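Report on one structure; see the data block that follows.
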């Protein structure tokens with residue numbers, strides 16, 4: 001089981017990206033250092049809350065990857081950053097246990113593509129924008145044996161490779177800009193601990 005939430009911005013201007021994200025998130029502090037592993041354990045309970053913990057990694061093939069702690073779909077951030085930097089902005093969300101996957105692309109301030117697949121509710125699949133040439137024929141399998149049209153973690157990896165970067169690239173020696181609010185907000189881990197039951201998945205709340 002894995003959970004992954006990230007932005008990918010086609011720019012090597014990490015300082016500009018950090019300043020934009022600091023402005024949008026209203027964080028209390030910005031530091032630098034190795035990847036903050038506690039970010040992965042501080043996912044916010046609500047998918048309506050802006051990120052409060054952000055890590056901006058090194059550039060990979062001209063793309064800067066950003067890890068964050070909120071499942072909120074941040075169209076306004078994507079629009080602003082892609083427009084100001086005159087570039088492409090990709091937002092990725094995935095959770096393999098619940099089979100929820102999300103792919104959002106803005107180019108120069110305009111929505112280019114949005115896909116959301118939740119295999120527990122295929123009637124509410126999101127499929128907006130014009131398909132890219134590398135996309136699969138369909139987002140929804142025709143049957144349980146139709147493995148070609150499964151939209152999942154591997155699919156998101158393939159889509160990102162088509163844009164020129166590795167979705168899960170991480171170097172333990174990378175230096176990150178770390179944006180963090182003093183009060184992160186209620187997290188999934190805290191909720192699970194207080195109620196003494198398994199960690200819930202954000203999609204169900």
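The values are calculated or read from the model by the stated rules, or taken from the named source; none is laboratory data. Since this is a predicted model, take the numbers as computed values, not measurements. Counting neighbours? That spans all protein chains shown, and the Cβs are built from the backbone with ideal geometry, glycine included.
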Checklist entry - Conditions: (1) crowded, with 19+ Cβ neighbours inside 10 Å; (2) farther than 21 Å from residue 162 by Cβ. Residue 105 meets all but one. Number of the miss? => result (2)
Next on the checklist: Within segment 20-41, does at least one residue satisfy the condition of being touching a residue at least 60 places away in the same chain (Cβ under 8 Å), buried (at least 20 other Cβ atoms within 10 Å of the Cβ) and touching a helix residue (DSSP H, G or I) at 6+ places or on another chain (Cβ under 7 Å)?
Outcome noted: no
Checklist entry - Across segment 125-151, which residue is surrounded by the most Cβ atoms within 10 Å (Cβ to Cβ) among those that are farther than 16 Å from residue 106 by Cα and at pLDDT 85 or above? => result 151
Checklist entry - When you go through (1) outside any helix (DSSP H, G or I); (2) under 24 Å from residue 69 (Cα atoms) one by one for residue 135, which number turns out not to apply? => result (2)
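Determine, yes or no, whether residue 86 is over 23 Å from residue 51 (Cβ atoms), surrounded by 14 or more Cβ atoms within 10 Å (Cβ to Cβ) and out of contact with any strand residue (DSSP E or B) (no Cβ under 8 Å at 6 or more places or on another chain). Show your work before the answer.
Working: over 23 Å from residue 51 (Cβ atoms): yes; surrounded by 14 or more Cβ atoms within 10 Å (Cβ to Cβ): no; out of contact with any strand residue (DSSP E or B) (no Cβ under 8 Å at 6 or more places or on another chain): yes.
Taking the combined requirement at face value, the residue does not satisfy it.
Of all residues in segment 55-74 being over 11 Å from the mean Cα position of the chain (by Cα) and in contact (Cβ under 8 Å) with a residue 60 or more places away in the chain, which is surrounded by the most Cβ atoms within 10 Å (Cβ to Cβ)?
Checking each candidate, the answer is 56.
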